[in-house]
Amino acid sequence: MFGVAWSPLKKKMLAVSCSDSMMRIIDLSKKDGSIKKFEGHSDKVYCVAWHPHFDHIIASGSNDCTIRVWNTKDVYSIISFRVDRKD
């Protein structure tokens, strides 16, 4: 796990960026701690950030040089941006 972000609108929702190229959302309001997995990156996901006004939109940044914006209701990537790596 590299990054963690609490939802600003749903206080028991937590987004986690992971080394297995996935982002996960954990719903702590559920007894089983329901987890949604978001696949689309091809390398480690280092950061996650919730939209400040829409509780179902989240962004993730990965070592694969992409930033993805996700719809958390239906678990799909809305758009992906490729960025240049400056080593």
Quiz item: Which one of the conditions (1) in a loop (DSSP other than H, G, I, E, B); (2) within 9 Å of the chain's Cα centre (by Cα); (3) not β-branched (Val, Ile, Thr) does residue 38 fail to meet, given that it meets all the rest?
Solution: (1)
Quiz item: In segment 63-87, what residues are over 20 Å from residue 7 (Cβ atoms) and either polar (S, T, N, Q) or touching a Gly at 6+ places or on another chain (Cβ under 9 Å) (or both)?
Solution: 63, 66, 80, 83
Quiz item: Restricting attention to segment 58-78, which residues are of a type in the set (A, V, I, L, M) and assigned to a strand (DSSP E or B)?
Solution: 58, 59, 67, 69, 78
Quiz prompt | Residue in segment 40-80 that is surrounded by the most Cβ atoms within 10 Å (Cβ to Cβ), counting only those that are of a type in the set (Phe, Trp, Tyr) and modelled with pLDDT of 95 or more | solution = 70
Quiz item: How many of the residues in segment 1-22 are more than 14 Å from residue 62 (Cα to Cα), outside any strand (DSSP E or B) and in contact (Cβ under 8 Å) with a residue 24 or more places away in the chain?
Solution: 4
Self-check item: Residue selected from segment 1-35 under the condition basic (Lys, Arg) and over 25 Å from residue 82 (Cβ atoms), by the criterion farthest from the chain's Cα centre (by Cα)
Solution: 31
Practice problem: Enumerate the pairs (first residue in segment 44-57 and in a loop (DSSP other than H, G, I, E, B); second residue anywhere and of a type in the set (D, E, K, R) and buried (at least 16 other Cβ atoms within 10 Å of the Cβ)) with beta-carbon separation below 6 Å, excluding pairs fewer than 6 apart on the same chain, so at least 6 apart or on different chains. | Solution: 55/10
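The values are calculated or read from the model by the stated rules, or taken from the named source; none is laboratory data. Predicted model, so just to flag it, every value in this text is computed and none were measured. Positions of Cβ are generated from backbone atoms using ideal geometry, with glycine treated the same way; all protein chains shown enter the neighbour counts.
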